[in-house]
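Report on the structure given below.
The values are calculated or read from the model by the stated rules, or taken from the named source; none is laboratory data. On a predicted model such as this, the values are computed, not experimentally measured, just so you know. Neighbour counts run over all protein chains shown; Cβ positions are idealised from the backbone, glycine included.
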Amino acid sequence: MSANPAISTIRHDWRTEEVQALFALPFNDLIFRAQSIHREHFDPNEIQISSLLSIKTGSCSEDCAYCPQSARYDADLQPEALMPVDDVLKAARRAKDEGASRFCMGAAWRQPKDKDVARVVEMIQGVKALGMETCVTLGMLTDTQTATLKEAGLDYYNHNLDTSEDYYSEIITTRSYQDRLDTLARVRDAGINVCCGGIVGMGESEQDRAKLLIELANLPKHPESVPINMLVQVEGTPLNGTEKLDPIVFIRTIAVARILMPTSRVRLSAGRNAMSDEMQALCFLAGANSIFYGEKLLTTDNPMTNQDLALFERLGVRSGGSCHVQ
Ligand code: SAM
Ligand code: DTB
Ligand code: SF4
């Protein structure tokens, strides 16, 4: 325990019952607790903004039931090969001009080939030269590949656990939970910051949401970034038509993530296009302090930038905080 009980301790031993009890708190008590912890570690009126670009789109061999990029489903999507470096840098420059501090590049791969990683290295170097933080999400990695990415100066690697270990096999069968944990350990060991979270609204139970957050919090070190995605339902994917999650439950999930991982950037990620301004404001109050900004996520729509800027203005929040605060 911390000497000062008002200061939250960083724990890696959360138990299911404890976290379920947090989910069950009266809403006002939960949000108050999350916001109090948030204020111990962060400026409450500052939100970090990241922009996303799909650098290789579709034709993916995996069967992730939420994903429009899987070759196994019939989503209305134009597959695209790995983009030329110059085009990626043009997009990064635009994102920087629009105010993003981090540029995240995503590829629809199970795992990259070494020659793909060589091209991604050029992208990372180019984006860093613009003065932006870099993040990539490329699927599973080998030790050599993590070392190469670290050497290129990569700041963050995104690799999500997606859901609880119990629910995982309902969503993905082509790679295991352990595969994901192994990649996360390789990224951590290479000295790259970890961006790892999951998706809610996939028909999982409250216990699954609790267990996902516990998996994240009980990693040897908390991920520096924790994206909480609300499922974007895409026609042609198996999860299209899943019963929608109660927005209050989504906000509770953000609050519990903040309580379990006090110093991590909790990102309000996919799904904002389906959220009201008021719901997003409550997510910020619950401790979210990062968003994906820009009119596209990877392949689906995100709020228009002027709409986000107007929301920031109305809430009196500003963009900033590119660095993780300890
Ligand atoms: N192919 C790589 C992988 O899966 O590791 C990287 C890209 S993948 C698209 C990155 C993450 O996007 C997934 O792990 C998932 O959490 C999220 N994602 C994909 N489709 C989504 C959807 N329809 N709604 C919400 N999140 C989604
Ligand atoms: C994350 O957790 N969410 C982002 C990012 N990491 C790569 C991706 C969201 C994708 C939403 C569906 C799409 O646009 O294809
Ligand atoms: Fe492929 Fe990643 Fe989509 Fe799964 S989430 S189908 S691995 S692009």
Got at least one residue in region 284-297 being within 16 Å of ligand 3 (Cβ to nearest atom) and either among the β-branched types (Val, Ile, Thr) or surrounded by fewer than 24 Cβ atoms within 10 Å (Cβ to Cβ) (or both)?
yes
Of the residues in region 189-231, how many are within 19 Å of Tyr157 (Cβ to Cβ), within 15 Å of ligand 3 (Cβ to nearest atom) and touching a residue at least 40 places away in the same chain (Cβ under 8 Å)?
5
For region 305-324 the number of residues that are in a loop (DSSP other than H, G, I, E, B), surrounded by 17 or more Cβ atoms within 10 Å (Cβ to Cβ) and modelled with pLDDT of 90 or more is 1
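Could you count how many residues in region 257-294 are closer than 16 Å to Ile31 by Cα and touching a Lys or Arg at 6+ places or on another chain (Cβ under 8 Å)? Spell out how you get there, then give the answer.
Of all residues in region 257-294, those closer than 16 Å to Ile31 by Cα come to 257-262, 266, 268, 278-289.
Okay, now just the ones that are also touching a Lys or Arg at 6+ places or on another chain (Cβ under 8 Å), so 259-260, 266, 280, 286-289.
Matching residues across region 257-294 total 8.
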Has region 87-98 got any residue that is part of a loop (DSSP other than H, G, I, E, B) and either over 16 Å from Lys296 (Cβ atoms) or in contact (Cβ under 8 Å) with a residue 40 or more places away in the chain (or both)?
no
Just for region 175-198: of the residues that are under 15 Å from the mean Cα position of the chain (by Cα) and in a loop (DSSP other than H, G, I, E, B), which one is farthest from Glu133 (Cα to Cα)?
Gly197
So, in region 199-224, of the ones that are part of a loop (DSSP other than H, G, I, E, B) and closer than 14 Å to Thr253 by Cα, which residue ends up farthest from ligand 2 (Cβ to nearest atom)?
Ser205
I'd like to know if region 133-156 contains one or more residues that are more than 16 Å from ligand 3 (Cβ to nearest atom), on the phi > 0 side of the Ramachandran plot and not polar (S, T, N, Q).
yes
Per the list (1) at pLDDT 95 or above; (2) more than 22 Å from Leu52 (Cα to Cα), residue check on Asp162 breaks on (2)
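Kindly check whether there is at least one residue in region 44-52 that is surrounded by 13 or more Cβ atoms within 10 Å (Cβ to Cβ), in a loop (DSSP other than H, G, I, E, B) and within 15 Å of ligand 1 (Cβ to nearest atom). I'd like the intermediate steps shown before the answer.
Step one: list which residues in region 44-52 are surrounded by 13 or more Cβ atoms within 10 Å (Cβ to Cβ), which gives 44-52.
When the remaining residues are screened for being in a loop (DSSP other than H, G, I, E, B), the result is 44-45.
From what is left, the residues that are within 15 Å of ligand 1 (Cβ to nearest atom) are none.
There is no residue in region 44-52 that is surrounded by 13 or more Cβ atoms within 10 Å (Cβ to Cβ), in a loop (DSSP other than H, G, I, E, B) and within 15 Å of ligand 1 (Cβ to nearest atom).
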Out of everything in region 91-118 that is out of contact with any strand residue (DSSP E or B) (no Cβ under 8 Å at 6 or more places or on another chain) and away from ligand 3 (no atom under 14 Å from the Cβ), what residue ends up being nearest to Asn158 (Cα to Cα)?
Val117
Selection from region 106-123 of residues surrounded by 23 or more Cβ atoms within 10 Å (Cβ to Cβ) and either in contact with a helix residue (DSSP H, G or I) (Cβ under 6 Å, 6 or more places away or on another chain) or part of a helix (DSSP H, G or I) (or both) yields Val120, Met123
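Could you tell me whether region 62-69 includes any residue that is at pLDDT 95 or above, among the small types (Gly, Ala, Ser), within 16 Å of ligand 1 (Cβ to nearest atom) and buried (at least 19 other Cβ atoms within 10 Å of the Cβ)? Walk me through it before giving the result.
So in region 62-69, the residues at pLDDT 95 or above come out as 62-69.
Right, trim to among the small types (Gly, Ala, Ser) and you get 65.
Now restrict to residues that are within 16 Å of ligand 1 (Cβ to nearest atom): 65.
Still in the list and also buried (at least 19 other Cβ atoms within 10 Å of the Cβ): 65.
Yes, the conditions are met somewhere in region 62-69.
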Checking Ser101 against (1) surrounded by fewer than 18 Cβ atoms within 10 Å (Cβ to Cβ); (2) within 20 Å of the chain's Cα centre (by Cα); (3) more than 19 Å from Met140 (Cα to Cα), which test does it fail?
(1)
